[in-house]
1. Being surrounded by fewer than 24 Cβ atoms within 10 Å (Cβ to Cβ), under 30 Å from A:SER450 (Cβ atoms) and at pLDDT 85 or above is true for just one of A:TRP105, A:TRP74. Which residue is that?
2. Taking helices (runs of 4 or more DSSP H) that do not extend beyond segment A:380-459, which have at least 3 residues that are more than 30 Å from A:THR71 (Cβ to Cβ) and within 14 Å of chain B (Cβ to nearest Cβ)?
3. Go through segment A:235-257 and give me each residue that's assigned to a helix (DSSP H, G or I), in contact (Cβ under 8 Å) with a residue 24 or more places away in the chain and either facing another protein chain (nearest Cβ under 7 Å) or not hydrophobic (A, V, I, L, M, F, W, C) (or both).
4. Take B:GLU170 and decide whether it is under 15 Å from B:HIS7 (Cα atoms) and either free of Cβ contacts under 8 Å to residues at least 60 places away in the same chain or outside any helix (DSSP H, G or I) (or both).
5. Identify, by number, the condition in (1) under 26 Å from A:ASN80 (Cα atoms); (2) modelled with pLDDT under 90; (3) more than 14 Å from every other protein chain (Cβ to nearest Cβ) that A:HIS131 doesn't meet.
6. Quick check on my filter: what residues within segment B:72-81 are under 16 Å from A:LEU160 (Cα atoms) and more than 7 Å from chain A (Cβ to nearest Cβ)?
7. Hey, among A:ASP162, A:ASP77, which residue is among the acidic types (Asp, Glu), in a helix (DSSP H, G or I), more than 14 Å from chain B (Cβ to nearest Cβ) and farther than 30 Å from A:TYR300 by Cβ?
8. Are there any pairs, at least 6 apart or on different chains, whose C-beta atoms fall under 8 Å, with the first in segment A:194-211 and loosely packed, with under 15 Cβ neighbours inside 10 Å and the second not in a helix (DSSP H, G or I), and if so, which?
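The values are calculated or read from the model by the stated rules, or taken from the named source; none is laboratory data. For clarity, every value in this text was computed on a predicted model and none was experimentally measured. Because the Cβ atoms are built from the backbone with ideal geometry, glycine has one as well, and the counts that use them run over all protein chains shown.
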Amino acid sequence: MQKEAEIRDPLILGNKTYHDITVDVARPVEGKANKYWWILFSLSLLLFIWGVLCIAYTIGTGIGAWGLNKTVNWAWDITNFVWWIGIGHAGTLISAVLLLFRQKWRMAINRSAEAMTIFGVVQAGLFPLIHMGRPWLAYWVLPIPNQFGSLWVNFNSPLLWDVFAISTYLSVSVVFWYIGLIPDFAMLRDRMSSTLSPMKKKLYAFLAFGWSGRAKHWQRFEEVSLVLAGLATPLVFSVHSIVSMDFATSVIPGWHTTIFPPYFVLGALFSGFAMVETLLIIMRKVVSLEAYITIKHVEYMNVIILLTGSLVGTAYITELFMAWYSGVEFEQYAFLNRATGPYWWAYAIMMTCNVLTPQLYWFRSIRTSFVATFILSIFVNIGMWFERFVIIVTSLHRDFLPTSWTMFSPTFIDIGIYLGTIGFFFTLFLMYARTFPVIAQAELKTILKSSGSEFKNKK
Amino acid sequence: MSTKTLHGIFDDEEILLSSVKEIRANKIEIKEVYSPFPIHGLDKALGIKETRMAITAFIYGCVGLSLGALMIYNIMIIDWPQNIGGKPNFTFYHNLPAFVPVLFECTVMFAAHLMSITYLIRCGLFPGSSEKNPDPRTTDDKFLMEIEVDGDISKVKEILAKTGALEINEKDD
């Protein structure tokens, strides 16, 4: 039996028993959706459909439908790609890194955070795919024998590293998620007083893979989870490092910096935790999980946001310092232009939302308020989108020849595809919230006696 | 004499754990324990050997690394060496730094997927398999101990009841 210091706040409120946890986790699956769910779902679905139409238009007419030009040849597509990949990182951090550190608070949120990872990476993957212009030839990025004179992919290219990194990340995340889901699907299958239709029962029985909860199976389950966490931890750091190398291995002033890998990984965790908070603060209300996703969980996440936000701020300042200290005037101009050039407003949004506003979390009253956290998490989401926009567009729009200098403005297709992925993401997440066990209940039951409020009060 | 199967049902993992120890101290073999969540120390109490899942992951990782290296060597060095951005492409080890990311991803991909598949196969888990737990409550809040007894079951029943089983069901085989 694990013991825990009494002064630690409980992670499960309201005198729950094991059976209560089962009932609470099964409720959203067995019950009917409420009004708010339908409103949110309809809105997301509409956005998603709009996005699909914009993608169809892009594929039909070509990438010229976007606001790109010869100078700014990467803009919203890669901004959105990096943004979504970054959002995914918090899910893996919560489920893998916090597992290695034996953080108990991860158990109430890891399932949803991982779902967010998978859905986020799906959105990210869409952008390189449609940017190819001819997505039906996407298989050309794979190292497969072919008849084009045996024309292989180039293993020196960071874009190919990306292909391997993203596909490994997505597939390993799905496996990690599913291994944990099997016992919880079995719980839904075995519910006696369930109001599920026979069809649904059969579906959950199918998904549960015949799980029985034998002692040997649990022993293997724990070992497999631990090893997967150990594999996912360097994986998650590698993915965003490799994404940053798309830029860092180039020769563009403003991109060619060795600080990029750690700076991108920190930014990814920072934005990912913000998105976890945005989602969970809504979800705990909509599916009544207030007893499990508590203010303590939110506070822990806010501390991580404060830490990573401050580190990201340090990275911004380091970049400015290194540009000055390098003595390279092109490098110096790139950063001066970022902060004071025509895109100064994007830089100002980035600095405000990523460096200044997260500092408010030093105040306990703000750190432990759902409303303040929700608002600040939206700020971070916006700020981190602008960070990628600033890095990409402001570095490109001043080309090597001043005659090529230009500005970028998105077309409604650019905006439509971006909003479409937000719609797609929320559509997937809302469907998940009604059909999946949104809390890893089997794992959560293991901490009930050490971190449940009833058991804490008994001591 | 016929073999009988006894199912002792508990509602607390600590009581179950002490019961397991008591029963094994009485030289009675426990066939299986079903529980809704992993119980710390149960595998040792039951005398279950350590799992070798982590070792398989290491082996699969080595396989992934070797296959990845073989693939890159064949593609970049043997089949069609090209000068790309001045990077040395005529020996594997000179070009190795550029291959590290893909080699790493290959290692992780093989280790994670093949270990998970091994886990599913070793536990007999596959899509659509029917449930094998004798009581549906064992995925909710009950813990079930299964004991096969030849002959006199009253003694086993007595120990089960004494050590805290809430229900004891017997089944003829």
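1. A:TRP105
2. Once the helices (runs of 4 or more DSSP H) in segment A:380-459 are filtered for at least 3 residues that are more than 30 Å from A:THR71 (Cβ to Cβ) and within 14 Å of chain B (Cβ to nearest Cβ), what remains is A:441-451, A:453-458.
3. The answer is A:LEU235, A:SER238, A:HIS240, A:SER241, A:ILE242, A:ASP246.
4. So B:GLU170 passes the test.
5. Failed condition: (2).
6. B:TYR73 - this is the single residue of segment B:72-81 that is under 16 Å from A:LEU160 (Cα atoms) and more than 7 Å from chain A (Cβ to nearest Cβ).
7. A:ASP77
8. As it stands, the answer is A:THR195/A:GLY31, since those pairs meet every condition given.
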